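To start, the structure under review is shown below, and the notes come after it.
The values are calculated or read from the model by the stated rules, or taken from the named source; none is laboratory data. If you're wondering where the values come from, they're calculated on a predicted model, not measured in any experiment. Don't worry about glycine lacking a Cβ; one is built from the backbone with ideal geometry, like all the others, and counts go over all protein chains shown. Protein only, heavy atoms only, side chains kept; ligands, DNA and RNA dropped before computing areas. Shrake-Rupley method; radii C 1.70, N 1.55, O 1.52, S 1.80 Å.
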2 protein chains.
Amino acid sequence: MKKIIAKYRKRDFKLTPQRIAILRYLDGNTSHPTADDIFTQIKKAYPTVSFATVYNTLLALKEKGEILEVTIDPEKKHYDSNVTTHHHIICTECNKIGDVIKDYSDALRLPSEILKEYKTVGNHIDFYGICKECQKERRELKIKN
Amino acid sequence: MKKIIAKYRKRDFKLTPQRIAILRYLDGNTSHPTADDIFTQIKKAYPTVSFATVYNTLLALKEKGEILEVTIDPEKKHYDSNVTTHHHIICTECNKIGDVIKDYSDALRLPSEILKEYKTVGNHIDFYGICKECQKERRELKIKN
DNA sequence: TTCTAATTTAGAATTATTTTTATTTGAGAA
DNA sequence: TTCTCAAATAAAAATAATTCTAAATTAGAA
């Protein structure tokens, strides 16, 4: 974390205690939190923190390329501090978002009609599945019924 | 369209004039409209139509598997009457959503760690690019400046 | 034609997110 | 260390998408 603070100090990003708390919370966090998750967490240490601060900070970090906004849950945005190439797998039962560390870029050749029409700049791949815990719950339900 | 009406009449889906108008609007429509787009369109013929009707109808159709909810725009849901395997390409300038008719299912082999953890049920692939019109606009801007 | 459960409507409520505004503060300059 | 001010904060209001509610209407079965 020391490193992180030093890094931001150099980068036109005023380090306030609230921002440091948000950075700390996001650093290495693979839970893909929403703005509300972050707000709830930061509120524990800074009871007066406002949503505006959380959203402002997330926007600033997004613009710096330090975090990604994850569009995968139709109800709300999630945030991911892992900006390296990876994908997500969402449990269709509990909506938990997991990481899939793999680069599929070579596998996705677009049809020539599309390449003619678009200057392509990237892609998103998400997977859907049922996680181990939810599979277990399903088995237990089956036994009961 | 006659066919469509006959099809729904058989399927536990009460056909009201509003619903027929929504079905007509969605049939073969590749514009990936939002609930608001649909509402605005239907209002022309049925000025008293409410958002609740649009959302109710979309939910019913989604549950029947007749349309897909497209989670690609972080601000709102889009709907797609094409339920066959295909993908989307979003223009990063104008946010227009285009179709990519191609099946990549063979190309996406999940890592074994994931296969151990999840019973996989599907995937979503989206592409990002700049569409022809926006490329043109960019060129014209460059000339002006 | 009648009946009834499903659907529609208008409007209020809810939820996520953004904006506004007045006040406070981090951090560089003196 | 203190001063200064652009940037950040907090509280609250605004906005936008979606859902809920309760009363009125209606599609389609009988």
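Quick look at the numbers
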read-out: Considering residues of segment B:123-135 that are farther than 16 Å from residue A:104 by Cα and within 7 Å of chain A (Cβ to nearest Cβ) only, the residue surrounded by the fewest Cβ atoms within 10 Å (Cβ to Cβ); value: B:132
read-out: Residue B:71 being more than 9 Å from DNA strand D (Cβ to nearest atom) and within 11 Å of chain A (Cβ to nearest Cβ); value: yes
read-out: Failed item, numbered, when residue B:61 is tested on (1) over 21 Å from residue A:73 (Cα atoms); (2) part of a helix (DSSP H, G or I); value: (1)
read-out: Any hit, segment B:77-87, residues being of a type in the set (Ser, Thr, Tyr) and at the interface with another protein chain (Cβ under 10 Å from one of its Cβ atoms); value: no
read-out: Tally, over segment A:85-103, of residues that are at pLDDT below 95 and touching a helix residue (DSSP H, G or I) at 6+ places or on another chain (Cβ under 7 Å); value: 3
read-out: Considering residues of segment B:64-82 that are assigned to a loop (DSSP other than H, G, I, E, B) and in contact with a His (Cβ under 8 Å, 6 or more places away or on another chain) only, the residue nearest to residue B:23 (Cα to Cα); value: B:71
read-out: Segment B:90-117, residues that are in a strand (DSSP E or B) and within 7 Å of chain A (Cβ to nearest Cβ); value: B:100
read-out: Candidates B:48, B:85, B:120, filtered to the one that is away from DNA strand C (no atom under 16 Å from the Cβ), in a loop (DSSP other than H, G, I, E, B) and either open to solvent by 40 Å² or more (accessible area, probe 1.4 Å) or over 29 Å from residue A:103 (Cβ atoms) (or both); value: B:85
read-out: Residue in segment B:13-30 that is touching a residue at least 60 places away in the same chain (Cβ under 8 Å), under 25 Å from residue B:126 (Cβ atoms) and surrounded by fewer than 18 Cβ atoms within 10 Å (Cβ to Cβ) present; value: yes
read-out: Residue check for residue A:34: within 9 Å of DNA strand C (Cβ to nearest atom) and either more than 28 Å from residue A:90 (Cα to Cα) or modelled with pLDDT of 95 or more (or both); value: yes
read-out: Test for residue A:63: is it open to solvent by 40 Å² or more (accessible area, probe 1.4 Å), at pLDDT below 95 and within 14 Å of another protein chain (Cβ to nearest Cβ); value: no
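Condition check ((1) of a type outside the set (Val, Ile, Thr); (2) within 23 Å of residue B:104 (Cα to Cα)) across all residues:
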residue: B:65; (1), (2): yes, yes
residue: B:68; (1), (2): yes, yes
residue: B:71; (1), (2): no, yes
residue: B:77; (1), (2): yes, no
residue: B:89; (1), (2): no, yes
